Amino acid sequence: VPDQRAWNVTWEMVAPAVLHHGSEELKRRFLRRFYRGELLCSQLLSEPEAGSDLAGLRTRAERDGDEWVVNGQKVWSSYAHLADIGQLMARTDPEVPKHQGISMFMLELDSPGVDRRPLRQMNGNAEFNEIFLTGVRVPHANMVGEPGGGWRAVLTTLMSERRAVGSGSGSTIDPVDVIDPAAQHLERPGDPVVRHRLAVLHTASRLLEWLGMRLAEDVAAGNELGPQGSVMKLLANQRNIRLGALAGQLLGPAMVADSGEWNTFAWS
């Protein structure tokens with residue numbers, strides 16, 4: 001099965017916002033194409049000077065007839081260099097409190113005025129991008145919800161994102177299933193401490209699986225996600241910390257030394 005991670009933004013983050021807050025016409029235009037894998041999405045949320053204060057964004061969108069003219073800059077947009085659609089957050093009313101003056105748009109990333117620049121990381125990858133928007137025109141029909149209603153829509157996105165991160169959506173391998181053969185290879189599965197730590201990890205993975213099933217049923221029933229996604233993300237983070245600690249205990253320096261031995265350096 002090919003790596004699905006590039007589609008997580010589309011399926012797990014952008015689509016829920018359109019599903020719960022978009023017009024019927026917007027849903028007809030986008031949702032089927034999203035879930036069929038015909039349109040890849042990226043998030044145009046973060047900005048260089050806003051940090052984690054998403055509502056502090058400065059990108060502006062001004063109404064011009066049936067279109068909005070957008071100017072601003074976004075950063076850390078995953079897979080934007082490959083994407084067709086950007087989930088754009090822009091300030092449409094600067095006169096009201098910041099959380100009330102934001103709107104969400106589905107922006108076609110091949111629109112004139114969109115400049116996508118990949119950000120090269122230390123490891124050589126460039127999956128993140130910074131986006132410059134200069135006089136970009138977005139049809140009013142591409143707005144998700146009402147003008148000024150973008151904050152509620154983005155909360156849906158963030159709750160869905162936390163659930164996706166916690167469930168490991170897009171990954172074809174449970175990392176806990178990889179630590180077992182490593183313990184066997186090193187002849188450590190009989191160690192009672194190792195056995196206990198393996199049991200804790202497997203328990204956490206099953207809990208994540210069952211919580212994910214419960215949330216999937218809620219989504220199928222048309223319910224918006226609440227704090228359950230954050231619970232999953234917290235549990236997944238705790239599991240991954242324990243997983244890394246056990247890998248370090250088993251491998252020692254081989255965890256960070258690229259000796260070529262099987263199931264060692266990859267853990268770092």
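The values are calculated or read from the model by the stated rules, or taken from the named source; none is laboratory data. All values reported here derive from a predicted model rather than from experimental measurement. Positions of Cβ are generated from backbone atoms using ideal geometry, with glycine treated the same way; all protein chains shown enter the neighbour counts. Areas reflect the complete protein model, heavy atoms only, side chains present, ligands, DNA and RNA absent. Shrake-Rupley method; radii C 1.70, N 1.55, O 1.52, S 1.80 Å.
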>> Looking at E67 and the list (1) open to solvent by less than 20 Å² (accessible area, probe 1.4 Å); (2) under 23 Å from L39 (Cβ atoms), which single condition is not satisfied?
In response: (1)
>> Within the range 228-236, does at least one residue satisfy the condition of being surrounded by fewer than 12 Cβ atoms within 10 Å (Cβ to Cβ), farther than 17 Å from E187 by Cβ and not charged (D, E, K, R)?
In response: no
> Give me the pairs: first residue in the range 133-157 and closer than 23 Å to D110 by Cβ, second residue outside any strand (DSSP E or B) and of a type in the set (K, R), beta-carbon distance under 6 Å, and six or more apart or on different chains, which are they?
Replying inline: none
> Given (1) touching a His at 6+ places or on another chain (Cβ under 7 Å); (2) closer than 26 Å to D218 by Cβ, where does E67 come up short, assuming only one miss?
Replying inline: (2)
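Do we find a residue being among the basic types (K, R), out of contact with any Lys or Arg (no Cβ under 9 Å at 6 or more places or on another chain), modelled with pLDDT of 95 or more and open to solvent by 20 Å² or more (accessible area, probe 1.4 Å) anywhere in the range 46-60? Walk me through how you get there before you give the answer.
Of the range 46-60, the ones among the basic types (K, R) are 58, 60.
Now narrow it down to the ones that are out of contact with any Lys or Arg (no Cβ under 9 Å at 6 or more places or on another chain): none.
Scanning the range 46-60, I find no residue that is among the basic types (K, R), out of contact with any Lys or Arg (no Cβ under 9 Å at 6 or more places or on another chain), modelled with pLDDT of 95 or more and open to solvent by 20 Å² or more (accessible area, probe 1.4 Å), so the answer is no.
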> Filter the range 125-178 for residues that are open to solvent by 40 Å² or more (accessible area, probe 1.4 Å), in a loop (DSSP other than H, G, I, E, B) and modelled with pLDDT of 85 or more; which is nearest to A80 (Cα to Cα)?
Replying inline: E127
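Which of the following residues is more than 24 Å from R152 (Cα to Cα) and either of a type in the set (S, T, N, Q) or in contact with a Ser or Thr (Cβ under 9 Å, 6 or more places away or on another chain) (or both): G101, G113?
On the way: G101 fails: more than 24 Å from R152 (Cα to Cα).
So the residue among G101, G113 that is more than 24 Å from R152 (Cα to Cα) and either of a type in the set (S, T, N, Q) or in contact with a Ser or Thr (Cβ under 9 Å, 6 or more places away or on another chain) (or both) is G113.
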> Of all residues in the range 100-124, which are assigned to a loop (DSSP other than H, G, I, E, B), farther than 16 Å from E62 by Cα and open to solvent by 80 Å² or more (accessible area, probe 1.4 Å)?
Replying inline: D110, P112, R120, M122, N123
>> Exactly one condition in (1) assigned to a helix (DSSP H, G or I); (2) open to solvent by 60 Å² or more (accessible area, probe 1.4 Å) is false for N223; which is it?
In response: (1)
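Would you check if M104 is within 30 Å of L234 (Cβ to Cβ) and in contact with a helix residue (DSSP H, G or I) (Cβ under 6 Å, 6 or more places away or on another chain)?
Values: within 30 Å of L234 (Cβ to Cβ): yes; in contact with a helix residue (DSSP H, G or I) (Cβ under 6 Å, 6 or more places away or on another chain): yes.
In short, yes.
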> How many of the residues in the range 114-138 are closer than 12 Å to W76 by Cα and in contact with a Gly (Cβ under 6 Å, 6 or more places away or on another chain)?
Replying inline: 0
>> Scan the range 239-256 and tell me whether some residue there is open to solvent by less than 80 Å² (accessible area, probe 1.4 Å) and within 20 Å of the chain's Cα centre (by Cα).
In response: yes
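Per-residue answers, yes or no, for (1) within 15 Å of the chain's Cα centre (by Cα); (2) in a helix (DSSP H, G or I); (3) closer than 15 Å to V144 by Cβ:
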site	(1), (2), (3)
P2	no, no, no
N8	yes, yes, no
W11	yes, yes, no
E38	no, no, no
A61	no, no, yes
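Please work out if L44 is under 15 Å from H81 (Cα atoms) and either of a type in the set (K, R) or touching a residue at least 24 places away in the same chain (Cβ under 8 Å) (or both). Quick ask: steps written out before the conclusion?
Working: under 15 Å from H81 (Cα atoms): yes; either of a type in the set (K, R) or touching a residue at least 24 places away in the same chain (Cβ under 8 Å) (or both): yes.
Against the criterion (under 15 Å from H81 (Cα atoms) and either of a type in the set (K, R) or touching a residue at least 24 places away in the same chain (Cβ under 8 Å) (or both)), L44 qualifies.
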